[in-house]
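Quick note: the coordinates plus some simple rules give every number you see, no bench work behind them. No experiment lies behind these values; they were computed from the predicted model shown. As a convention, Cβ positions derive from the backbone with ideal geometry for all residues, glycine included, and neighbour counts pool all protein chains shown.
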Amino acid sequence: MEQLKAIIQKLLSEKSIIDWLVVHAISKSNIEIDGVEFSFIDGREGRDEAFKTNQGYISLKTSPLITDFTRIVAELSEEFKSKPLALANLFIIISRASYKGEDKEILIESLKKYLGKDTCFKIFNLLIASLNLEYYKESHSSKKPKTTNDWLDIFRSAEYMHSFSDPLMNCLRLVRSERNWKIDFEIIENMKPLLRAVLIGQYGFGLNISVPKMKLLYGNVEELIFLSACLIDDSEPNKIPPNWLKKSLIEKFLEAHWDTIGKEIFVHVFGISYRNKNRNKLYEKLEGLIHAILFKKLLLDQSETRDWINKFEFPNEFIAFFNWLLSKKIKHSSIPNNNIAAIVNQFINELERLSKEIPIHLAAENGSDPFTSYQLHEAKYQDTIVYLLLFLLYATEANHKQIKNICLEFKPLFYGGHRACSLAIHFAELMLLIGLSGYRLTGLDENEFKAIKKYLELISDTLLIPYVHLTERQDDIWNPESDREVFQFSAGRHLITTALAKVRKHKIGEHYQDFFARINETKVAAWNYETVVIS
Amino acid sequence: MKTYPNASVLTLITQTDGSNEKLLFIYLNTIPDFYPSNRVHWYNGAGKDGKPNNVWSEFSIKQWTGCGIDSVMGNLFDEILSTSKLVIDGKEFHLTIPPFTLKSNGADPMRNRRETVFDSLKTENNILIPQEFYQKENLQFLSGYKIGSTEIKPFYPLGFFEEDFIYDNLKKNIWGIKEYRTAYLTFHGVRKTSQKNVGSKEMVGFYQQNFNSTSDYTVIAKNETNQEIGQAVVEKKTGFFKLSLSEPTKRGKVEILVNDKEEKTIEYVLLQDIQFDGHIANATFKDAYGRSHMITADKKTRPESIPNFTWQQNVYAEDKEANQKLSDLLKSIFDYLGPKILVADPYFIGDIRKDKTTTALSPSHCQTAFINALTHSAIEKGIIQINILGYWARAKNHVENDWIDSYEKTLKNFIAVNKLQKYFPPSSINFLNAKEDFHNRYWFSLTENEGVDVIDKCVIITNSIGNMSELDIMPVIDESQLRQIARKYTGIFTKAEIRLSI
């Protein structure tokens, strides 16, 4: 064993960098000791290894060898006490030792005891600084996260970083003895995104943050983005809110960082997101806090509120917004008129933006659907459509003109090829569904019926003829014997025929007479809304 | 007033040559819209006031687009060719037009499966067309399917041409197309009364036409030997018709007569949606090839390994035998990998053939084998979920644009008709589109580890479902190879976007 000590001693004094493959260097000395073996799995290079190749193991087969090795570690620790780099490499060697009783971490524990807390932290920081550069550098390059969703993407990408005897987890053993899944913020503070993501996304650690630390973090945008992702990532049913989740933090997210954090957590909590399908205590608390802050804001007749509304994007943020109103029973009549007008304007501006982006969607290789029509079957999307009609009842003459122009932008897509036509159909279905939601509104007065009529007239003058002509070629429209099964791709068409049938049977139907007449002027088939039985 | 579509869009692409414009391409297309006036409307920025859409300034390539009533635009098309002049708002543009031959598509222009019939203008060795205009990529920029060029602007209306429409026509020396509006006819056999391997005894259809109230519209079905096997009236109020046939049919033609004069004829092969005899009675499952399989508890155990295997279609005397063997082979893979499976194949499960008239979908022999194998394995061993991961940017050259619709329709119909909901509950079949390219085909098993799907077993498949004539399968046993493949594909899988969930 003295020979082994001499080799390690020499390596530790010579190494000027942290060498994660130091065990390879030891084995290259061709040392042979009974009961001590080196193994490197298959030694081949692979992207699934943190350093491209396995770090290797030193196996100690007998108890006397373990005792001897513990002694050597103590002696070397003493010898290199003032050389943190050598100690870091010594730690790597220890972390690669395989022996009976390894689960009790005898070697690491004795090293920690010997070095003391401060030195352990110093070595840990050195090791993390090295891991920041070396860990999966061959296979993983992550950009600097700029939004909550960027962080969530990195979490997802790290979820499969499985590695036996992960060097990152080994390093944690230097600075923490707890066996729970909570980790102090200070420990991860100097880690680059991938290392943090492995701990949060892959191993599922939660964060402990002290009050003074939290105060400091409030002023650090990058860390706030990270914290928001840590909260949103916890969508499992048994998750509970961490003690650092305070109203002031959410306020910071929503008020100071809407573009990078606020809107994304708003959508994850209230909009269409798989993360809010399971309800848990954490999400309940997030809902409550977001509601308290935004409710106050929405009711204030002030330009800041309208600046905030002017940032809403369609469809995601509008879906979140209206489902927030719905879930918290916020009456639209309680919203100041100026803010209502801002919401109407912003929706129309968003349609305008999407119309300007048509070239991007047409050229998108993977086929692109700016209206996310594949989500139309979601109740949250359908409720959003009803709210859109409700708010469009407040539309001005100028708004109507703008809507008409947007419809005229989309209309020529009906004349084109398959992709162009799909975009036109998605748009037309959205606009038609809005107009046909009248039967879900109650308490409308004459002026509001007029507003619905006006809106339907716009659609009739622009999109209706090509939509009706192309749509009635589908079996489920013309064929009275069709199975009429609802498919994801035909959800829009199905919702429209159902809405037509419901409007027809509803007392509001009399206000839709002109619209039905316009359909009749174009259609050939007996549309199923005329025959379908509504339950 | 009836507002039945009556409009056409005419577009010309020209290149300035001195004081003349060389005509590079001309296209008249009927559109699903109504136009109220006899005047031609030239679009703003694409012809209005004689100002063209300067799509490619460097080569002086321009576009002119107008809209109007079908007949007006048809006459304008002819006039442009006969006078070699384009006149807009009093401004005259002289066109250089190559000598050409006009070809109507088919001896009888009304015999066509499309809604429209068309004339094409053809010139061998057309010297007017510049080299740049022959290049596929340039045409993709012009047609709007590629963006980001600083020099090329897209044609108006955006997406007017299908992606390679101009390119494909130029390859055939065609530079002009004039489409005529005809009524739209679609029909299909009634599935409920269809007999397997024999055909349909009833047919329903839709004739979308601006019906003349004083004329009578009749539909006649004929069999392969041109004998009438059914006749019915097209209901003018709805365009609907239903034919009772004197004999079951799979192949023949449907004719529409107006006051006994033929207006439209379509020859058809009724592609039958795959059907299983389906019912699982007395614990027996009858598969797509007519074989009965007992379902017993002792068959629930999954195989722990599978051998390497090679399948070649032409080794078998009969197609049916070959397909059965393929299906059994695929089933053994599903049995081995199940109950949670990931199929990674850039081409998904290939293109499902669709008849343009009847829109009936007809899976190929290996798609049927795949579905049969999946069903058999689901019934016998259980399948919780199968994820099919493809890469659209690669698949799009082989699979139709509406692949999601076709997959959804085929599989949902299949499950519904054969009452297999118990074995394929909602969300048990998912199609995912990868965000990054991959090439190889691997089928994996997924196991759940702390709520996360992890790749466990892997089988290498050498060919894609869709058009298979031979296939090698090799399970990956080497641990390090498996881990390497698994790492790459879990990454691709987790980042992929679910496009369809059945």
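Quick one: A:Thr384, B:Thr193, fewest Cβ neighbours within 10 Å first, how do they rank?
Ordered by Cβ neighbours within 10 Å, fewest first: B:Thr193, A:Thr384.
Please compute, for peptide A:471-479, the average count of beta-carbon atoms on other protein chains lying within 10 Å of each residue's beta-carbon.
Partner Cβ neighbours, averaged per residue: 5.
Is it possible to state the helix-based mean residue ellipticity at 222 nm for the protein assembly as shown, with each DSSP H run of 4+ residues giving -39500 (n - 2.57), the sum divided by total residues, to the nearest 500 deg cm²/dmol? What is it?
About -12000 deg cm²/dmol.
Which of A:Met214, B:Met468, B:Met294, A:Met431 has the fewest other C-beta atoms within 10 Å, and how do the rest follow up to the most?
Exposure proxy ranking, most exposed first: B:Met294, A:Met214, B:Met468, A:Met431.
Tally Lys/Arg at +1 and Asp/Glu at -1 over every other residue whose Cβ is under 14 Å from the Cβ of A:Met214; what's the total?
0
So for the protein assembly as shown: antiparallel DSSP bridges make up what percent, rounded to the nearest 5?
85 percent
Starting from the 7 Å offset along Cα-to-Cβ, what nm value, one decimal, do you get for the label separation of B:Ser149 and B:Ser501?
Taking the simple label geometry, B:Ser149 and B:Ser501 are separated by 4.0 nm.
Please compute, for peptide A:414-425, the average count of beta-carbon atoms on other protein chains lying within 10 Å of each residue's beta-carbon.
Mean partner shielding for this stretch: 6.
Quick one: of B:Lys236/B:Lys261; B:Lys178/B:Lys237; A:Lys146/B:Lys495, which pairs are farther than 23 Å apart, Cα to Cα?
Result: B:Lys178/B:Lys237 exceed 23 Å.
For chain B, what is the relative contact order in percent, using Cα pairs closer than 8 Å and at least 6 residues apart in sequence?
Relative contact order for chain B comes out at 10 percent.
In whole Å, how far is the Cα centre of the stretch B:21-76 from that of the stretch A:92-133?
Cα centroid to Cα centroid, the span is 76 Å.
Count, for each residue of B:482-492, the Cβ atoms from other chains sitting within 10 Å of its Cβ, then give me the mean as a whole number.
Per-residue shielding by partner chains comes out at 4.
Using the beta-carbon distance between A:Glu446 and A:Lys507 and R0 = 25 Å, what value does 1/(1 + (r/R0)^6) give for FRET efficiency, to the nearest 0.05?
It comes to 0.95.
Restricting to chain A, compute how many DSSP beta bridges are antiparallel as a %, nearest 5.
Among the beta bridges of chain A, antiparallel pairing accounts for roughly 45 percent.
Over the stretch A:1-144, what is the percentage of antiparallel beta bridges among all DSSP beta bridges, to the nearest 5?
Percent antiparallel among DSSP bridges in the stretch A:1-144 is about 60.
Between Rg and the Kirkwood Rh of the protein assembly as shown, both from Cα atoms, what is the Rg to Rh ratio?
Radius of gyration over Kirkwood radius for the protein assembly as shown works out to 1.02.
So for B:Ser104, B:Ser362, fewest C-beta neighbours within 10 Å to most, what's the order?
With the fewest neighbours first, B:Ser104, B:Ser362 line up as B:Ser104, B:Ser362.
Along Cα→Cβ, 7 Å out, is where each label goes; now give me the distance between the ones at A:Lys143 and A:Tyr274 in nm to one decimal.
2.3 nm
So, R0 is 30 Å and r is the distance between the beta-carbons of A:Lys117 and A:Arg179; what FRET efficiency does that work out to, to 0.05?
Result of the calculation: an efficiency of 0.95.
With r as the distance between the Cβ atoms of A:Thr372 and B:Glu224 and R0 = 41 Å, compute the FRET efficiency 1/(1 + (r/R0)^6) and round to 0.05.
The calculated FRET efficiency here is 0.30.
First check a/c for the stretch A:437-479, with a ≥ b ≥ c the square roots of the eigenvalues of its C-alpha gyration tensor; if it is under 1.5, answer rounded, and if not, answer prolate when a/b is larger than b/c or oblate otherwise.
Since a/c reaches 1.5 but b/c is at least a/b, the shape of the stretch A:437-479 is classed as oblate.
What relative contact order, as a whole-number percentage, does chain A give when Cα pairs under 8 Å and 6 or more residues apart are counted?
Worked out over chain A, it gives 8 percent.
Go through B:Lys396/B:Lys419; B:Lys286/B:Lys409; A:Lys143/A:Lys296 and tell me which ones have a Cα-Cα distance over 25 Å in this structure.
Those over the limit are B:Lys396/B:Lys419; A:Lys143/A:Lys296.
Using only Cα atoms, tell me the angle between helix B:70-83 and the longest principal axis of chain B; keep it within 0 to 90° and round to the nearest 10.
Roughly 60 degrees, rounded to the nearest 10.
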